[in-house]
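Undergrad: Take this structure first; my questions come after.
The values are calculated or read from the model by the stated rules, or taken from the named source; none is laboratory data. Remember, predicted model here, so these are calculated numbers, not experimental data. We place every Cβ from the backbone using ideal geometry, glycine too, and count neighbours over all the protein chains shown. The area values use the complete protein model at the heavy-atom level, side chains included, leaving out ligands, DNA and RNA. Shrake-Rupley method; radii C 1.70, N 1.55, O 1.52, S 1.80 Å.
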Amino acid sequence: MYNIKSTKADEFINHQEILDTLKYADENKNNLELINKILDKARPKYLGDEVHCEGLSYRDASVLLANDDKEIEKKIFDLAREIKKAFYGDRIVIFAPLYLSNYCVNGCVYCPYHYQNSTIPRKKLTLEEVKKETIALQDMGHKRLAIEAGEDPVNNPIEYILDCIKTIYSIHHKNGAIRRVNVNIAATTIENYKKLKEAGIGTYILFQETYNKEAYKNLHPKGPKSNYEYHTEAMDRAMQAGIDDVGLGVLFGLDRYRYEFAGLLMHTQHLEATYGAGAHTISVPRVKNADDIDKDSFKNGISDEIFYKIIALIRIAVPYTGIIISTRESAEVRKKALELGVSQISGASRTSVGGYCEESRPKDTEQFDVSDERTLDEVVCWLMELGYIPSFCTACYASGRTGDRFMSLCKTGQIQNCCQPNAIMTLKEYLEDYATDSTKKVGDELIKREINKIKNEKIKSLTKENLKKIENNERNFRF
Ligand code: SAM
């Protein structure tokens, strides 16, 4: 039986409830009256300076996904753009993944790190190498990382992950600092989640890969990850351990997208109902070619058009949740995804272990092929030319605005009073320390324009003062 507040995987992600949802969506996919009602319900309501958005249940959102009328699609895209603008303005948060180790005991059939792959060289960074990678990332201008590792209790125990986090936070090269380390490691115990929390992680990210239990079992034939319940209940354990911000994701291409979409929303709605805060972020990876992986062997791949619609509907259904898109996608796809709801992107990513210290992009230990291979400076400049403010902000994390505190600020639109100046100030740091001359020129012009959009006069003048201080080599200001 479906039970939103249960902590049992089969009850909060309930197969029958998803099948019923898909049936309901099919029956109503051309019910224009209902569709317009759903769209109206999701529209932002403006009350003075505040914006409120109700979001959508997985049922309502599934009806919109099932409809394939182009006019309705346009309405969905317009609404997604409006919601994006209302809550995120033009800010785009930037991060990079840091691969620590590709040792893995699991048998995931889509991942080149699977234990049977004998052609991929196995590599694990020493702490000295972690330091070098961190410096290389700081020297590009990164302030936020997502650390990634295969699952291997012998080679990558939690102590190793904790040592890496400590090392990363301890390094301050020139004006550089990594101010937020998000962690993407395999499902683990409450005790280990408590240790991650104590180590000061940002978001704990774990992709469900697929919500369909049958498919999950076939795709994960061996290793600890083959336990569907343990994997699906990981976010409950993380939240019970005190981790406020968790990041969900589906690997699109593994199973039917409508099932995954309903499961993903069901998952975040379960977390919100049970712990007071839904997913902090949702990632939307699609299966890519990699060492011994051929993406065409997965029969559920989704077109760009469906991909855009999924992103737009996530934005509409969970307006306060960050949406992340990685360099798995090309610059062109990322551009459209940004318009429709994506709020965080990775830049200059290398998905190989130790990749950032190499002169040219190493391919041998890559987790997946990278489509967007531009430098961080190129990505930053591209974003600004598209009218976005690239943000290296980590202020919410530093100020303890996490979990339900973040969500309640966000829900009344208040977060904008901090985010716009923080984005501007962290962009200024980037421009001063790392940008090429041409990017700096574009950025300084952008800041001149954007600063006037800060409504609160006191914050505006403080921001201006801080920008002067940043020019004089002071760092790390925030509201
Ligand atoms: N070992 C951890 C786990 O099991 O969750 C960390 C995950 S891995 C380093 C990061 C993510 O990359 C996976 O969760 C998976 O969704 C994604 N991934 C794996 N193989 C991929 C492929 N061929 N193409 C695209 N993404 C892939």
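Undergrad: Per DSSP H run of n ≥ 4, the term is -39500 (n - 2.57); total these for the chain, divide by its residue number, and report the mean residue ellipticity at 222 nm rounded to 500 deg cm²/dmol.
TA: After summing the helix terms and dividing by residue count, I get -14500 deg cm²/dmol.
Undergrad: Also, I was wondering about something else. Given a 1.4 Å probe, how much area per residue of the range 86-373 is accessible, in Å²?
TA: 33
Undergrad: Write down the percent of antiparallel bridges among all DSSP beta bridges whose residues are both part of the range 86-373, to the nearest 5.
TA: That works out to approximately 5 percent antiparallel.
Undergrad: Order of 99-111, 331-343 by packing, highest average Cβ count within 10 Å first?
TA: For the peptides 99-111, 331-343, the packing ranking is 99-111, 331-343.
Undergrad: Taking a threshold of 30 Å on the Cα-Cα distance, which of the pairs Lys166/Lys295; Lys124/Lys194; Lys45/Lys468 fall above it?
TA: Lys166/Lys295; Lys45/Lys468
Undergrad: Can you send over the carbon and sulfur percentage of the accessible area for the range 47-162, probe radius 1.4 Å, protein chains only?
TA: 54
Undergrad: Over what distance in Å are the Cα centres of the range 271-323 and the range 80-158 separated?
TA: Between the Cα centre of the range 271-323 and that of the range 80-158, the gap is 17 Å.
Undergrad: Follow-up. Over all distinct alpha-carbon pairs, what is the Kirkwood Rh of the range 57-126 in angstrom?
TA: Kirkwood radius, the range 57-126: 16.9 Å.
Undergrad: With bins 20 Å wide starting at 0, give me the P(r) of the chain over every alpha carbon pair, in whole percents.
TA: Spelled out per bin, shortest first, that is 25, 60, 16, 0.
Undergrad: With the Cα gyration tensor of the range 111-197 giving a ≥ b ≥ c as the square roots of its eigenvalues, does the rule (a/c under 1.5 for rounded; else a/b larger than b/c for prolate; else oblate) give rounded, prolate or oblate?
TA: Taking the square roots of the gyration eigenvalues as a ≥ b ≥ c, the range 111-197 is oblate.
Undergrad: How large is the dipole of the range 1-72 about the Cα centre if only Lys and Arg carry +1 and Asp and Glu carry -1, each at its Cβ, rounded to the nearest 20 debye?
TA: Dipole about the Cα centre, nearest 20: 120 debye.
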